[in-house]
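The structure appears right after this line, and notes come after that.
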Amino acid sequence: MRKTSTTVVAVVIAFIFAAVSISSEADADSAAVEVALLGSINAGRAAIGKPPLLMHNGLREQQRGHAQYMSGISQLTHDGFSQRASSATPDPVETNGAPDDGFTGFNAENIAQNFRNGRTDTDIAEAIYQQWFNSPGHKTNMFDEQNRGYNAAGVGIFEEASGKIWAALLLSVDSTPPGGDTISPTPTPTPKKNCKRHRRPRCRRR
């Protein structure tokens with residue numbers, strides 16, 4: 001019996017280790033898509049003379065949570081939009097906690113759904129960017145066409161085991177610049193309006 005118990009324990013440990021490894025891989029892929037997506041957005045902004053957005057770590061965590069929430073209910077939604085910026089951990093850190101003292105109250109949000117379909121993290125990021133670029137409302141938010149002065153952003157990605165991907169972008173005006181990653185613009189291919197997909201991607205804005 002002792003031998004059997006030891007074997008069972010070993011199998012359970014192996015299973016847990018495998019699950020953690022898969023989860024870590026998914027987290028790493030999601031983070032890579034987040035960075036690449038903000039890079040594409042900043043490339044588009046640079047092309048029209050707009051400054052790059054800085055990744056705000058507090059907003060990023062909020063949008064990661066929202067992407068996972070949308071996956072959980074299988075629906076694109078802006079539920080909780082008005083609370084996400086005010087609940088974000090300040091970046092840089094402030095002793096008085098949330099909300100970030102630098103936020104002025106101007107915020108905008110883009111959300112989208114897409115599918116992995118064997119594509120790289122960079123290709124997925126570009127596909128989501130193209131969804132938003134080809135939607136007038138989403139493009140207005142990304143490129144700050146209303147001149148709100150957006151300079152901080154949080155990008156959140158959640159990928160299901162099936163390959164379905166949920167994306168959430170929150171833009172904000174921050175008078176105390178965030179200490180997150182500065183995403184340098186990189187060349188972006190000419191937008192294509194009707195790319196074939198195995199399944200139809202969707203997006204919404206607020």
Among Leu38, Gly65, Gly49, the residue whose Cα sits farthest towards the positive end of the charge dipole of segment 21-120, when +1 is placed on the Cβ of each Lys and Arg and -1 on the Cβ of each Asp and Glu, is Gly49
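At 0.36 nm per residue, minus the direct Cα-Cα distance, what do Ser175 and Ala32 gain on full extension? Give it in nm, one decimal, please. Kindly include the intermediate steps, with their values, before the conclusion.
Values: separation 143, 0.36 × 143 = 51.48 nm, distance 2.70 nm.
Difference between extended and current length: 48.8 nm.
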Rounded Å value of the spacing that divides the Cα centres of segment 24-63 and segment 69-106: 16 Å
Label segment 38-115 by shape, choosing from rounded, prolate and oblate, from the square roots a ≥ b ≥ c of the eigenvalues of the Cα gyration tensor; if a/c is under 1.5 it is rounded, and otherwise prolate applies when a/b is larger than b/c, oblate when it is not. oblate
Need one value: the accessible area of Ser74 in square angstrom, 1.4 angstrom probe, rounded to the nearest 10. 80 Å²
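The values are calculated or read from the model by the stated rules, or taken from the named source; none is laboratory data. Note that this is a predicted model, so its numbers are computed, not measured. All Cβ positions, glycine included, derive from the backbone under ideal geometry; neighbour counts span all protein chains shown. Please note that ligands, DNA and RNA were not included when accessible areas were found on the heavy atoms of the full protein model with its side chains. Shrake-Rupley method; radii C 1.70, N 1.55, O 1.52, S 1.80 Å.
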